[in-house]
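> Next up is a structure, given as structure tokens.
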Amino acid sequence: MNKENMDFIKNSVKDDIVLPESLSAENIEKLVSEKAVQKSRKGKIRRFVAVGVAACIAIVSIALFPYERIIPENTPTENKTEESTGNAVQNNEEFKAGMASSYDEIIRSIRAYAEEYNDRIYFYAESDVLEEGMVSSDDSFATGTGTDTAVNGSTINKGQHGETNIREEGVYEEDIFITDGEYIYFTDAYGKISIIKASSDGSLEKTAEIENIPYTEETKEHSYYTGLYIKDNLLIASYSSYRVDEAYVRYAVSGIEIYDVSNKNEPVKVKTVALDGSRVSSRITDNKLILITNYGITQYFSCIDDELLIPSYYDDGIKTAVACDCIYMNSAQAEAYVNIAKIDLDDLSSEPAVTSFLGNVNETYCTKNTLYIMGYEYKNFYSDTAVLVDSAVVSGGAMLSSWNSKTKITAVDITGDKTQVKCSVELEGSVLNSYSIDEYNGYLRIAMTNQEENTLVVLNERLEKAGELTGIAPGERIKSVRFMGDTAYVVTFVQTDPLFVIDLSEPTAPKIAGEVKLPGFSSYLHPAGDGYLVGVGYGGTEDGLDGSAKISLFDVRDPKNPKEVDSIVIENCDFALEPKAFVSVSENSFMIPFSVWKSINDEDFYEKGIYTGALYVSAENGKLVRNNAYIVRCMEGLSRCTFIGDKVYVYGQCSGVASFSMDSAEFISHAGALKDGYIMTAVEKTADEILG
Amino acid sequence: MDTNETKKLIQKAKNGDAHSFGIIYSLYARELYRFAKYTLKSSEDAEDAVQNACIRAFEGLGSLRNEDSFKTWFFKILYNECRKITVSKARLKEFPCEDVSVYDSHSPDVSSGVDMLSLLDGLSEKEKSVIVLSVFEGCTSKEIADILGLKPGTVRSSLSRLLASLRKQIEGAQYE
């Protein structure tokens, strides 16, 4: 349909663009060669000034925060001991937390940094402002309030319904599509929430819709929900909101809203907590909700007012600046803050505890005791100096792959009443997602890619290097990682996919135990019980990817000799590769959404769309069994699925939810689509005809 | 011109040869101007944007790692130059003595086709750029995402909606 519309528009429009004389090739050639001559005279001096100024700033910053002098009153003096898993990051008294002692100090330091920042050559202010209606379908967060979870983050489902695939046992994550076994809750492409009653006969009925602040010409505020949790009768929704003023300066505030949904037809808002910033993420553990945002301040450098240079939080709408002894100035660069709020879900009337530190948050990994924040630092391709890019600029994996990057990992203790920044470390390269990092027995293990070099780093509780394995698959990039106790499974890829089994039984000396090369690669690895591992990703040949989707079953019982023992390959197909799209049904069976891109009869492709749905697979005795496929035709690739009892549900951000019988795969009902014609229709062909 | 030729020219331009740069530029000149004009509306602003982008591109060629992504890279620079102009214009609005021209008048002639500028009116800058890059440049969602600094998913989901709505607008206008 897009192509038709594109052609129609192109053919309907006047083609009256005439290149002006000033932009002729000859004139441009003259222009650039004149500027080049000018620059070569000035260039050397300007660069020297920039470096010189940067050096002065660095010295000034150290002088302003002589770390030895700042001893905040509430630094605990004993090491915290851990109750359950013993993996708390040690409170390192020698770590200079750099907690500020006054707002004046903070402002002075930021203003000094701002001067140098504004002088830098080739400064581009980009923003990842999402225009109204353009909520990215790549955004995904985990949801779920599973009651029981098993080891290594996999979920053995003792209940009757699907639960969000979480990274770490006991630490729950939000997602765009969740269920409590009776109702289904999801966010749509416009950032609204729908509540759908999922009856046991498979019928679906929308009971309520929640819209965050509607856009008005007056406020010009855009706002959309990004993820959900359901716990008893409380629906917790994370959201992001922003407005842009006439000078294109962006003000963003993000947080959570809690709704009482005892009456599913009338949700009642009972609490809001928000923080300055965007890119909101969250966790729930031990009935505390941890909320994280990234607050970029470079665009406020030109404001006369200092207020915006200090982060604030909003408790039920009341704005308060973060306490200055909860703001850590532990960085020489002041371009963004990471704000962290801790909310007690057992006592919603209590104030959130908020902490901030200078830096970016690009990935998060959270255990029951520690929140690890990964922030990227890029080499700006226009200048020679490495800069902490304004957090609003970062747009994810596509950019990362072509830029030098460093990752700063900051460990934050989330036990106790306040969250406390403990320590941090900078490493070369970047991590793929939260599965690339794992805390185990007092060590933090991280799989990283730096340009085309892959490393497994082991850090101790002070985030100091304890061991390292470099040179893993040089020339390739890490595509998926799974840590399971003393073993790490790492998939790298450039044309074919080696799966490496890495032995971490000696944390100071990680080594490769075994590997297996195969075509395609897995983007997500999941334990399948009994020494088997399932990989979901792309299929291919010796020459690279071939557009097919693949599920691999690996026998990893012998670490020295991992094998792919079976696979399911579907041509012209994609699986939803976000870890939260993977739904465990039992220890050795799961569901995964897929989209088949080449439709079988092209004539109605533009009207009806593609074949998409969920695949239900088991791993039995070293073989993969395709139990069933639940397929619809619609205008987008579906991104989530789940089950309740003997019914299966599939979902797309524009298309709503469809229900199926789990056993017969018969399409039953459909609800909750956006009004723009995103319906889902049952398929006429059989699964075998569609999937091959 | 085949890709090998283009690569050689880029190499020469990297080494400071303005003439080679001029030749490569001429391959994209009209597309660059069209993108700037549809994004900024004013011809003067579009000329400024393209000139600035050429200067930046010529100077920054040394950092271009992959000659195959030259076109995307150039458009990204151009997009940023367009943004700078928009931002500085917005700031100038505070000073009423400055004449902030919006767009030059041209008489819409419905019989020879729909006027693109008025079609794009009402869209945000980013939405305009998405449309121009997909309809006229044939860029994929991933390329558009790269140029504009968005996520591919965002581009995909808004593209269908925008194309459908623009089409409806054109069809509606034709039947009036």
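> Can you order the peptides A:282-295, A:448-461 by their average number of other Cβ atoms within 10 Å per residue, highest first? Walk me through the numbers before you get to the answer.
Values: A:282-295: 22.1, A:448-461: 19.9.
So the peptides A:282-295, A:448-461, ranked by packing, come out A:282-295, A:448-461.
> Still on this model: Solvent-accessible area of B:F21, probe 1.4 Å, all protein chains present, reported in Å² to the nearest ten, please.
About 0 Å², ignoring ligands and nucleic acids.
> Count, for each residue of B:13-22, the Cβ atoms from other chains sitting within 10 Å of its Cβ, then give me the mean as a whole number.
Mean shielding by partner chains, rounded to a whole number: 4.
> For region A:630-675 and region B:20-42, compute the distance between their C-alpha centroids and round to whole Å.
46
> Taking the inverse of the average 1/r across all pairs of different Cα atoms in region A:212-334, what Kirkwood radius in Å do you get?
15.9
> Let me ask you something else. Is there a simple number for the mean count of other chain Cβ atoms within 10 Å of the Cβ of residues in B:160-171, and what is it?
If you average over the peptide's residues, the count of other-chain Cβ atoms is 5.
> Let me ask another. Can you bin every Cα-Cα distance in region A:499-632 into 5 Å intervals starting at zero and give me the percent of pairs per bin, rounded to whole numbers?
Calculated P(r), rounded to whole percents: 2, 10, 18, 20, 18, 14, 8, 5, 2, 1, 1, 0, 0.
> Between A:K231 and A:N561, what length comes free when the chain is fully extended (0.36 nm per residue of separation minus the Cα-Cα distance, one decimal in nm)?
Result: 114.5 nm gained on full extension.
> Here is a further query. On average, how many beta carbons from a partner chain sit within 10 Å of the beta carbon of a residue in B:120-133? Please list the in-between numbers first.
Numbers: counts 1, 0, 0, 1, 5, 3, 5, 4, 0, 0, 2, 2, 0, 0.
The per-residue average across the peptide is 2.
> Filter the GluC sites (Glu not before Pro) in region A:613-682 to those in DSSP coil with at most 12 other Cβ atoms within 10 Å of their Cβ, and list the result.
Working: sites: A:E620, A:E636, A:E666; in loops: A:E636, A:E666.
Passing sites in region A:613-682 are A:E666.
> So if each residue of separation counts as 0.36 nm, and I subtract the Cα-Cα distance between A:E620 and A:N287, what length gain in nm does that give?
Using 0.36 nm per residue and subtracting the Cα-Cα distance, I get 116.2 nm.
> Among the lysines, select those whose C-alpha is under 23 Å from the C-alpha of A:K269, and discard any that sit fewer than 8 residues away in the same chain.
Qualifying lysines at Cα under 23 Å: A:K192, A:K197, A:K206, A:K220, A:K231, A:K288, A:K319, A:K342.
> Can you grab the distance from the C-alpha centre of region A:427-471 to the C-alpha centre of region A:311-367, Å, no decimals?
Taking the Cα centre of each part, region A:427-471 and region A:311-367 sit 26 Å apart.
> So how many Å³ per residue does the convex hull of the Cα atoms of region A:208-282 work out to?
87
> In addition: Just to be sure I understand the model, the point goes 7 Å from the Cα along the line to the Cβ. What's the resulting A:E666 to A:E26 distance in nm?
Inter-label distance under the simple model: 7.8 nm.
> Now for a different question. Per-residue accessible area for A:I213 at 1.4 Å probe radius, Å² rounded to 10?
A:I213 has an accessible surface of roughly 70 Å² with all protein chains in place.
> Sorted from largest down, give the three principal axis spans of the alpha carbons of region A:422-515, whole angstrom values.
Each principal axis gives a Cα extent; for region A:422-515 these are 40, 24, 20 Å.
> For region A:546-692, what is the convex hull (Cα atoms) projected area averaged across all directions, in square nanometres?
It is 9.5 nm².
> Averaging over all projection directions, find the projected area of the Cα convex hull of region A:613-657 and quote it in nm² with one decimal place.
3.7
> Among the trypsin sites (Lys or Arg not before Pro) within region A:633-677, which fall in a DSSP loop and have no more than 16 other Cβ atoms within 10 Å of their own Cβ?
Sparse-neighbourhood loop trypsin sites (Lys or Arg not before Pro): A:K675.
The values are calculated or read from the model by the stated rules, or taken from the named source; none is laboratory data. What you see is a predicted model; the values in this text were computed from it and never measured. Positions of Cβ are backbone-derived with ideal geometry, glycine not excepted, and every protein chain shown enters the neighbour counts. Note: accessible area is taken over every heavy atom of the protein model, side chains too, but ligands, DNA and RNA are not part of it. Shrake-Rupley method; radii C 1.70, N 1.55, O 1.52, S 1.80 Å.
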